[in-house]
Structure formats: C-alpha cells, structure tokens
Amino acid sequence: IGELNIRVLRATIFDKTFPSEAEPSAVFQSDSNLRNGDYYVRVSWLGSQESKRTKTVLQTSKPYFHSEEMVFDVPHYGMEYKLEVLDANSEKPIGSCLLSAQGVLQWQRDAMLSKKATLLQSFLDLHKSSDPRRIKLELRTGVKDGFGLNFYNSSKVVGGPKGKETSRPGVISGWLELDVQLEEDQKLFYSPKPRRCPPRADEEFDIALIQLHIARIGEIIAEIQKLISTFKYVVSWDNPKITGASMIIYIAVILGCNVNYLGALPIGSLVVYMIYLGYLRVNGHFKERWTFKEKKLLIKSENEIEKNQSIARPVGLLQVGDLQGKNLKSRELGLPGSFYTSVLYDPLRYADEEMKSLLVKIDTSSGCIHEVGATVSPGITSAPVWSHMQESPELLRLKHLLPDDRLWRQEKEVDASLAYPILQPIAEDGGFIRKAIDGSQRKTEVKLMPFETSFGAVVFQVRFSDVLGSFQMFDNVLGEVVIPLAKLAGSGKAVEGWFRLVGVGSKDTVPGESNDHSEKSVEMGEDTDVADGKIPAPEFPELYLRVQFSSKGTLFNNSVQSDTETSKVICEELSRTASIVQENNGIGVIGSSLNTINTVRTLGGKLQNQISVVVDILERIRNAFNFSNPRITVFILLSLTLLWIVLALIPTRFVVLVSGLAQYGTNLYIKFRSPQAKKTLRDELSDKRLDSTRKGNPFENLFLSIPTDEDLRRTYFWEARRLGEKERDKFAESKRQIRLEKLWKAKWHGALKLKEKKPEHAISPSSSRKWNWEPLFGLLEGHRFIWWRSEKHFDTGEAPLGQIFFAGHSGLAGLSPLDLMELSNEEIPLVVSIFGRGPRGQQKITLLTHSTDAKDSLEAAVLNVSIKAD
C-alpha cells in the first residue's frame, strides 16, 4: 500500500519508570532519574523474523543515534512496526513503542487537517508533505510480545488471584524521537487500472481477540439501541418541549413536502449531518469519541458506586479456619496429590439468572466472585491439614485501606483463620432526593435488606496445585463445599464439621460421614465384608471446616462516622474488584487433551477471523461517513450532494424509472448482441478472472483504506488513558480527604521526597551524589509515620513502603555534618529528619518538604506525637 520511512534520532532512558498515564510534557522534559548504559534501537515488523537496527551508543543516558533512513514496504493496512531500545550488554529491551500503518496515517491526517491553509488539499488527500513528521514516543514496558492487542495488555494480571502482582500495561521507561512518514501508493485509488489492495493478514487464535470482536459487535448493537431509545424518547412526551417541537416539524415537513420529490429528503438530511461531522473533524473534535470514552465510563462507574453508597450499609465479618481434608485423590488415577483450598465469597450463588442481572445493576460489588484467601499446600497427601492461609490481594488491599484494627480484631479467635468483611444486602427502592456526581438530582434507588435474605454463599474450592493445574485451560478444581450466608446469619453460630465435595457451581450443601472411615483399617480375611460378598462403602472426598459470621455489636454503628466511611471504602473496593474481574474475564478451554486444544485453536482461529472481517466491514461503512479518512468521505459527500440535486430537480419516480429501465436495457443488449461480441466479452471476463490478483477496483481499495474503530482506539489509546486518569484523580482526591479525616484521623499528611541511595548502575562518574530525592506520600497516624510511593498507591490500597513508630527514643533528628555537606543551600532549610522504631530496629529517614510552612507543620506534628509517646 506504500512505503514507511523511519529515521531514529535520539532517546532518553530513565532509571525508574513513569506511570503509563503520565503527561508527555513531564516525561519529555524530565532531566533527572536517568540511566547510563550502552544502547541501540531495533526495528522489527509483524509477521517476520527480520529486523533492522541502529549503531550502538556507549555510556550515556541520552543516546544520539541519527540513523540513516530506514525504508519499509507496507504490505497492508494492518501492518505494525515495533521499535525497541535495547541494552547492548544484556540484549534486554529497555522499552518499546509501536507504529501501526493506520496509526501513522491518522497522525498525518490529523496534522494536515489542522492546517487551515491546506484544508481542501487535506480533505482530498492530494497534499504530499515534503518533510517527514518528527514525533516523540514514550518507551513502554509491561507489555507482552509488543504487537497487536498484546501491546495494550498487561503482562501481569490486574487484580488476579493467588497473589499475582497487579500492574497496568505500558509504564514509561524512556522516550524516543524519530522522523516518520508513510506515503500511500496513489495509484491504488487514482489509476484507471489499479492493482488490488492486499487485505489484512489473518491473526492467530487468541481468546482475547474473540472477546474484543464480541465487544465490538456489542458496541454496534448498543449504538443502534441508543438510536432507537432516542427516537422513543423524542416521541414519548417525557419532555413535552422536545416532543412538541418534533411533532410540529414532522407535520410541517409532511404537509409542505411534494411527494414527487420525497427522495431528496433523506439524502439531504444525510448531507447536512456529514457537513456537521466535517465541522467536528476540522475543529479537532473527531478523536473525542475515543479519548473521552474512558472518562465517560469512569463517571458512569462512580455514579453506580455512589448509588450503592446512598445509604450506609452495615458490615458483617466472615471468619473461616480449621480446614482439613480426607479422601482427596486425583480423578484419573485415584492417587493422593498436592491440594490447596481456595476460600471464595459468591454474592449471588442462590439467585436465578433474572435476579442476578437485576442485583448486579443495583449492587456493583456483587458483579463477581470475591476471593477471600487460600491455604498453602502441605505436600502430597490424601488427608491434608492446612495450617497456613494466605490472604487474597483484595483482602490485603482492604486491610491497607482500613487502618482501624477494630474490624479485624476477632480474626485470631479461630486457628489459621481469615476474616473478610461483607456488606449488608440491598434491594430496589424509591426515596429521598440526592445529588449525583454529575450534579443531577435523582432518587435513592436502594434499601437495606436483612443478612438472612442474602443470596450469597461462602465457597470452599479444593484445587490441585500441580503443574498442569496452574494453567487456565485445565480444570484444576476437585470439588467445592457451599455454605449459604443466610444460614450463617440466621443461626448466629459457627458451622463446623465434615462436608462432602460437590461439583463446581452447585447450590447443595452435603454433610460428610459422621465417622471417619479413613482411620479404620480393613483387613482382608474371612471375617471381612468382602468375604461375605459385600462391597466396601465408597470413600467420598470431604472437607472439614469452621466458618462463622457476625453482624452485630462492634462491627458497625450508624452513629460513628468512621464506621459509615468504613462501609463506603469496603463498597468501593469490592466494586472496583468486580469491575476489573469483568474486564478480564476470559473464555476457558477445559480439558487435558492436546488434540482437543489444537482443534479448538484451528476452529477458533477461523471463527475469529470471520468475525473480524464482518465487524471490520460494518465499522468501515460507518467510518466512511465521519471523515476518519477524509479522501473517501469527501468523495461520498460530493456524490450524495450530486444525487440530492438530481432528486431535488427531477421527481423521484422518474429517477427510479430510469434506473430500472437502464438495468433492463443493459441485459437486453447483452442477450441479443452478435456472437462475435459475446465471444469478445467472454474472453474479457476470463482475462479479468485470471488477472484478479493483479488488478483491483479503486472503490474497493478506497474502502480497505478506511480505519476501523479498533484502529482508531489504538491510535488514541494512551491519550484516552491519560484523560481517564485525570478524571479518576479528581474523584480520588475528594475521597482521600474524607478517608484521612474520618478513618485514619491523620495528624499530618502530604507529598514529600525521601532521600534514597541510587542503585549502582545509575551512578555516573560525573555525578557528585550517590542518592536521589524520591517522591512519596506520607502521613502521621496515631504514633507512627507511614509512607507510600504516591497518593495513588495510598488510594488503591497498596502496601506502604515503610513506617516508623514513635516509641521510646524517637522524634526529630538534626542534620549530621555529612548531610550538611551533601545538601545544597536551597535544600537545607526544607529538610526534616525523623527517627524511631522501624521494621528492623531503629531507623532514621531524611525528608524534603516543598515549602517552609510544610516543614514547620510536619515538625510540630512529629514533636507532638513523640512527646505523647514518651
């Protein structure tokens, strides 16, 4: 389809990464936190093992490559090129960026449309830029293989089970500057005999891609439903002004329109709408559909969470422990194995499908099964006794978010126990007026229900912990035990004993055998049941557990503000987990046969590509009218304008009559033409079929050049992420202040910088300092100073980086002579040193405040806390 020209100019490599949503200006202007090394750039492309590279630049954090121009033939519009900066010593990538054919073309279209002087040339795409476009791209890590959807997906599971690390894709490790230009082959569109534009290459089978295509179909259906609902709203008299105005316009058009020229009306309406879309495109509003999408989804999510928090929801505490198993053996061979138990809370286990869909809309926290924790496998045995339990990432975040130990203080009453908070159920209701996040007024829609009416259940899943069981495509669940929450809440007593394992998803609770047959020894002889012809009773896998639920007294009191805020924090975190799980839900391939897996990959790959082709066609048809590719949209607009003029001047029935007669006449001419002409026509058709791979249709080529919605989403992906994070920060800031006041009761909090030693590879000979000022967020709570890497880490419930207890000999420390030598004259008046008892004994930290007022307030707070501690 054309040629891509790339010239790599320079790069900057950071020692510590920036967040994926960091502002480009902050990244490109950063002149600290740099990493020295030997670097080069490698360019690889989709579907090939070949690559091109620059020269290696030695011992610098800002390598200047100034490479020769690299020229690539672009085979189709789905082509992608990955640029990686690599450490020449270890051959490990520092970071990468991705260039797609449609992405580069879209950047060029946006740049040309922004120039008012060349606007007409830009629309027709006849303007050929003499110079390549100079761009700076962030180098990102945390991606998989770097092509296609994998570049935008994290290599680590977000909010995943079993303590997997949480991460967002694309943290920034540096930036790369280059000149880039993609010149399309104009003969594909303007030649009388163009060659055929190659279609996109088929993609390999990937569950994530199937999910993506299904989501794209859902988007199309949602837009159709939105149009239908808009029409129903306009004619429904819900808003009398809009409905009345639309009725008057409708009557005026019908009575004033000449039926003979009725065909001009829809065409004219479409022309006007396309002109409006062109206005949006010229004024830079085109990409808002993709860049504002995450922001809108976030506001919607916050409104749903706020709906759950419109009333205070009391909190109950679930405790589990004393887990043991017996008769646990593999299904295939009946041998003992390595087992562990996963403890889950399913909020909707006993609800039917209709009730589930209703409750998920009311209570967003019930949108997934929540993981409480898991035991540690004791080894290979059929009768394990699990003495160690690990808390789930969600439970750990809740503990980091809630400083008050009052909620968890009963946790130690059960051996090897876990404690998990459960919110009181809610149901639909109408009530008082409240103000939503967007400023609108609406009624509360929920009311509290007793815990005894809960549809939830505590689920104990016994799983294999072998190698095959760790893969998602293999079913690694031996069975589960289900305990209804309503039963626990109703009795108020602990449920304890042996229970038989049932199938996954079951709603039945089956008690185990009262006698432990596993401890009986059966001797083969004349007195045994076998000698009498009786078959021994089968041994079913069973699980011993102790579970208790408490919802009274110390757990919640409406009169205490901290308890109300605790409820809100728990609700928000559970809703956040449910949202993440719904986004990451995958389609599993269950079974252990490699032939089955290969069959699924083959059939799934064909289905995936067929769905992709259909969705691409639908999206291109829509995008042909919205100036995503100005060349074809202008052509359609001019054609529709000409058709509108014809229909406005000539009665519609005459136009239809002429069109139909033309078709009849053409077929009549072909039917009764001379034999020699027929032979010539057959030869021409045969030549066209033989030459179809070389010759193409300019209209087909134009259609294939239109970007799909997925192309545009990826083009503006990181910009949309930044806008979404800005909106998220607005919500987080207001919530943070409330949490600090009501939950943490912080005596001081704010942004600081911590003196940290540099890693050896980051120390350059020219640098006089062997340490850096690293940003942090700290607070004084009770008799301790706690700090996180940033406010965001505090907001999301990450574990703190450290803490100092003010007990005994502790408080403020003066600057040592070495500190005075290392610090500048501007830094000394802003530095605060504190010491106390850390995790490994006595500890001292040096902090840099942003102003003298912040320093004075921090010192006063530390003095006050340390004096009380003494």
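Some points to look at:
- By average C-beta atoms within 10 angstrom, highest first, the peptides 851-862, 99-110: 99-110, 851-862
- Working from label points 7 Å from Cα in the Cα-to-Cβ sense, the GLU428 to SER114 distance is 4.8 nm.
- Computed accessible area, GLU719, all protein chains, 1.4 angstrom probe, square angstrom: 60 Å²
- Each of the peptides 338-345, 240-247 was scored by the mean count of other Cβ atoms within 10 Å over its residues; in descending order, highest first, they stand as 338-345, 240-247.
- Accessible surface for LEU182 stands near 10 Å², nearest 10, in the context of the full protein assembly shown (1.4 Å probe).
- The portion of the accessible surface of region 324-381 made up by carbon and sulfur, rounded to a whole percent, is 58 (1.4 Å probe; DNA, RNA and ligands excluded).
- Global form of region 809-870, assessed from the alpha-carbon gyration tensor, a/c cut-off 1.5: oblate
- Computed on protein heavy atoms with a 1.4 Å probe, the accessible areas place MET274, MET821 in the order MET821, MET274, largest first.
- Where region 239-325 is the region considered: accessible area per residue in Å², 1.4 Å probe: 54 Å²
- Surface analysis of region 602-670 yields an accessible area of 59 Å² per residue, using protein heavy atoms and a 1.4 Å probe.
- Probe 1.4 Å, protein heavy atoms only - accessible area per residue of region 57-102 in square angstrom: 42 Å²
- Taking each residue as 0.36 nm, the span from GLU513 to VAL235 lengthens on full extension beyond its C-alpha to C-alpha distance by 93.5 nm.
- Whole-Hz ³J(HN,Hα) from phi, Karplus 6.51 cos²θ - 1.76 cosθ + 1.60, for region 805-815, glycine and proline x: 8, 8, 9, x, 6, 7, x, 7, 10, x, 7
- Per atom type, region 167-280 shows carbon and sulfur on 69% of its accessible surface, probed at 1.4 Å.
- Backbone N under 11 Å from the TYR250 label point (7 Å along Cα→Cβ), restricted to region 219-237: 231-237
- From phi via Karplus (6.51, -1.76, 1.60), per-residue ³J(HN,Hα) for region 718-727 in Hz, x at Gly/Pro: 6, 5, 5, 4, 5, 5, x, 5, 4, 5
- Listed pairs LYS356/LYS745; LYS232/LYS447; LYS52/LYS757 exceeding 32 Å between Cα atoms: LYS356/LYS745; LYS52/LYS757
- Amide H within-cut-off set for SER100, under 5 Å, with H built and near neighbours excluded: TYR81
- Per-residue SASA entry for LYS792, accessible area with 1.4 Å probe, Å² rounded to 10: 70 Å²
- Our coupling estimate for region 97-110, obtained by passing each phi through the Karplus curve with A = 6.51, B = -1.76, C = 1.60 and θ = phi - 60°, is 9, 10, 10, 10, 4, 5, x, 5, 4, 5, 4, 5, 5, 4 Hz, Gly and Pro reported as x.
The values are calculated or read from the model by the stated rules, or taken from the named source; none is laboratory data. What you are looking at is a predicted structure, and each value in this text was computed from that prediction instead of being measured. FYI the Cβ positions are ideal-geometry reconstructions off the backbone, even for glycines, and counts take in every protein chain you see. Please note that ligands, DNA and RNA were not included when accessible areas were found on the heavy atoms of the full protein model with its side chains. Shrake-Rupley method; radii C 1.70, N 1.55, O 1.52, S 1.80 Å.
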